[in-house]
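Engineer: Encoded as structure tokens, here's the structure I'll be asking about.
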Amino acid sequence: LRALVRAADTTRGKTLCVLVLNGETEAAAQTWDALSLTTLVTGPEPLSLCAISKTLDVLCVNRTGDFAFPKKQGVGLARKIGCDIALRLFAENQLDASTVHTTDADVQVPLEYFEIPAVEGVSAYLYPFRHRDLEGGRDTDHDLYEGFLQYYVERLRRAGSPYAFHTIGSTLAISLPHYALIRGFPKREAAEDFYLLNKLAKVGRIESLKSPLLNIRPRPSDRVPFGTGQATGKLSAALQRGEAYRVYDPRVFDCLGQWIQAAESYCCNRNAVDLENATDAFEDVVETLGGYHALRVAWQTRSSEPDRIRHFHTWFDAFRTLRFIHLLSERYFQKVLWSAAITGQKPLLCGLE
């Protein structure tokens, strides 16, 4: 909160922070009590408007103890509550800004946090990040996992995927009009950021910022079934057992790039590429996902090349891209040593002949 105050001091006017505190444990309730904020207005429980500084007000939403979330509705519901409140205020002309930021208590925001460009057509901005504790220390497990995240996004970018961006909920700045278009955050206990961005990418452009940098405190966590906390916990346990760190084989992304290129060519000229003439691995996975059928539907329902390509990428979205990668990894290209992946391997022609 102190970092948010410093960032708010650099902006014009006042900034509103919607603080959603969630958890069933006694520690969560104690955190609420320990905030000791100066209450301006108390609304229907569990809402209260508090003052932190001249530039930052905090609308507190206490979802601890008796107000704890239902099972399997954790961080997704927390983000939805906060952003839905912001959307309501925006719709009622109570907010000048048309963007809502989402972050977590383990993130220290920089002074320039609110200084993002106003670009028409952008549905969300993504801040760059690194896992470092506030004292400047490093964590090997988080370094490795963060390296994997960078590797994954960079490989998607090389493959030509329009979904080559990070999906970390604490690094988002979301356009409220676009947020309304996709009906907001899903009420999921994990991966709510992935599914939100998957939808936002279909109604606008996702912009990955080069600065300012967010510092995320490294911490293992088992509160959710998957995500950074779970991944780093498993990684740490594996390293302690002496197991090597493995990631997706680069050839998986070679296949992805060839599939995207072939599909886009087919959308331009259905006779330019023979989609049935593929190697077993490629054809198996594409057929499993229904890729050939999707392209035929594009020709049947869309009259122009741009519309057919847009139809393909709307269908072959971030979720199906991830499934494509998982299927190839499970059936044909097992994960490889991290060191082998980042140094590169000879590409395998696994796509169309």
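The values are calculated or read from the model by the stated rules, or taken from the named source; none is laboratory data. Here the structure is a predicted model, which is why all the values come from computation and not from measurement. We place every Cβ from the backbone using ideal geometry, glycine too, and count neighbours over all the protein chains shown. Quick note on the areas: whole protein, heavy atoms, side chains included, nothing else; ligands and nucleic acids left out. Shrake-Rupley method; radii C 1.70, N 1.55, O 1.52, S 1.80 Å.
Engineer: If packing is taken as the average count of other Cβ atoms within 10 Å, what order do 286-298, 255-267 fall into, highest mean first?
Structural biologist: 255-267, 286-298
Engineer: Report, in debye and to the nearest 20, how large the dipole of region 96-202 comes out about its Cα centre when Lys and Arg carry +1 and Asp and Glu carry -1 on their Cβ.
Structural biologist: 680 debye
Engineer: Treat every Asp and Glu Cβ in region 146-194 as -1 and every Lys and Arg Cβ as +1, leave all other atoms uncharged, and give the resulting dipole magnitude about the Cα centre to the nearest 20 debye.
Structural biologist: 200 debye
Engineer: Between beta-carbons, use under 15 Å as the cut-off and find the net charge around F114, counting Lys and Arg +1, Asp and Glu -1.
Structural biologist: Net local charge, F114 excluded: -2.
Engineer: Continuing with the same structure: Go through K72/K199; K14/K72; K14/K80; K14/K71; K14/K187; K71/K210 and tell me which ones have a Cα-Cα distance over 31 Å in this structure.
Structural biologist: K14/K72; K14/K71; K71/K210, as the Cα separations exceed 31 Å there.
Engineer: At a 1.4 Å probe, what is the % contribution of carbon and sulfur to the accessible area of region 1-106?
Structural biologist: Carbon and sulfur atoms account for 52 percent of the accessible area of region 1-106.
Engineer: Once you have the Cα-Cα distance between A51 and R270, take 0.36 nm times their residue separation minus that, and quote the gain in nm to one decimal.
Structural biologist: Once the chain is fully extended between A51 and R270, it gains 72.7 nm.
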